[in-house]
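Below: one structure, written as structure tokens.
Taken together, the values in this text are just the output of simple stated rules run on the coordinates, not laboratory data. This structure is a prediction, so every number in the text was calculated from the model and none was measured. Neighbour counts are summed over all protein chains in view; Cβ atoms, including those assigned to glycine, are modelled from backbone coordinates with ideal geometry.
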Amino acid sequence: MLGHIGFIMDGNGRWATARDLPRTEGYKEGLNALKRVLNECAVHGIKVVSVYAFSTENNGRPSQEIEAIFKVVTEFNRSYDGDMKILYMGDIDSLPDYVAESVYFIEQKTAQNSGLTLNIALNYGARADIVRACKLAFDHADFTDSAIESRLASASLPPLDAVVRTGGEKRLSNFMLYESAYSELIFLDKLWPDMTENDVDAIVNEFESRIRKFGR
Ligand code: FPP
């Protein structure tokens with residue numbers, strides 16, 4: 001049963017460029033695709049969806065593009081009114097105030113919601129998260145797997161069953177590296193804004209066809 005799925009939403013800029021639109025338009029369309037994907041994930045009974053919205057490495061992009069991503073995320077946070085529970089992981093306090101405030105606002109507003117949990121990685125890097133968790137475990141002189149795992153940003157979430165990357169690249173790019181140790185990896189050539197409900201159905205079928213051995 002697919003309980004927790006992660007999406008690396010790649011290909012937004014290319015989608016826009018292919019239509020002679022500014023790359024920033026790709027992020028707006030990327031949010032529409034995310035809404036379609038989330039609805040279909042809920043139909044399949046998936047409880048948690050983690051998405052990679054902005055990596056710490058993305059800070060090296062042109063400021064116009066960074067601001068476009070922040071704008072899409074902030075507007076979503078300010079306007080979301082559904083039944084999902086929305087969480088963020090990453091270095092939120094280092095983001096511009098208007099972004100960070102919108103993050104804390106929506107986390108608080110949806111904290112008691114009973115729908116699907118949407119976990120958004122924003123200003124996030126898995127290596128930094130692992131190092132932070134190790135330091136905390138070290139402070140307690142506790143060096144077990146569970147001591148580290150319980151201090152990751154994803155500690156409250158169920159195991160990450162699958163990671164899907166769109167856009168044709170086949171790598172994890174510093175997304176949930178600890179959590180994906182036994183995740184099924186699915187790579188799609190499709191650009192993220194082109195994702196439809198049918199693609200989610202195909203992903204669920206693909207996941208169910210895989211035999212998971214967890215090293216045994
Ligand atoms: C990589 O694609 C994707 C990003 C850097 C950000 C994606 C963010 C969104 C779609 C907004 C989601 C909104 C919320 C509220 C979570 P890219 O544009 O770098 O792809 P490309 O350059 O390879 O085409």
The value for segment 110-165 (convex hull of the alpha-carbon atoms, volume per residue, Å³) is 126
Rounded to a whole number, the Stokes-Einstein D of segment 49-137 in µm²/s (Kirkwood radius over Cα pairs; 37 °C; 0.692 mPa s) is 240
Rounding to the nearest 20 debye, state how big the charge dipole of segment 20-108 is about its Cα centre with +1 on each Lys and Arg Cβ and -1 on each Asp and Glu Cβ. 300
For the chain, what does the helix formula give at 222 nm: sum of -39500 (n - 2.57) over DSSP H segments with n ≥ 4, over the residue count, nearest 500 deg cm²/dmol? -13000 deg cm²/dmol
Over segment 1-132, what is the relative contact order in whole percent, taking alpha-carbon pairs under 8 Å and six or more residues apart? 29
The size of the Cβ-based charge dipole (Lys, Arg +1; Asp, Glu -1) of the chain about the Cα centre, to the nearest 20 debye, is 320
How compact is the chain by the rule of thumb for globular proteins, expressed as Cα Rg over 2.2 N^0.38 Å? 1.00
How large, in Å, is segment 147-215 by the Kirkwood hydrodynamic radius built from its alpha-carbon pairs? 13.5
Pairs beyond 22 Å (Cα-Cα), from Lys170/Lys190; Lys71/Lys109; Lys47/Lys85; Lys47/Lys135; Lys47/Lys109; Lys71/Lys190: Lys47/Lys135; Lys71/Lys190
Debye, to nearest 20: dipole size of segment 134-207, +1 on Lys, Arg Cβ, -1 on Asp, Glu Cβ: 340
Segment 81-132, Cα convex hull volume normalised per residue, Å³: 79
Rg to Rh ratio, segment 99-216, alpha-carbon atoms and Kirkwood radius? 0.99
Convert each backbone phi in segment 46-59 into a coupling constant with the Karplus relation 6.51 cos²θ - 1.76 cosθ + 1.60 (shift: θ = phi - 60°), then list the ³J(HN,Hα) values in order as whole Hz, x for Gly and Pro. 5, 8, 9, 10, 9, 10, 9, 9, 6, 8, 4, 5, 5, 4
Chymotrypsin sites (Phe, Trp or Tyr not before Pro), loop per DSSP, at most 12 other Cβ atoms within 10 Å - longest free stretch of the chain: 1-142
Against the 2.2 N^0.38 Å scaling, with N counting residues, where does segment 1-94 land? I'd like the Cα-based Rg ratio to two decimal places. 1.14
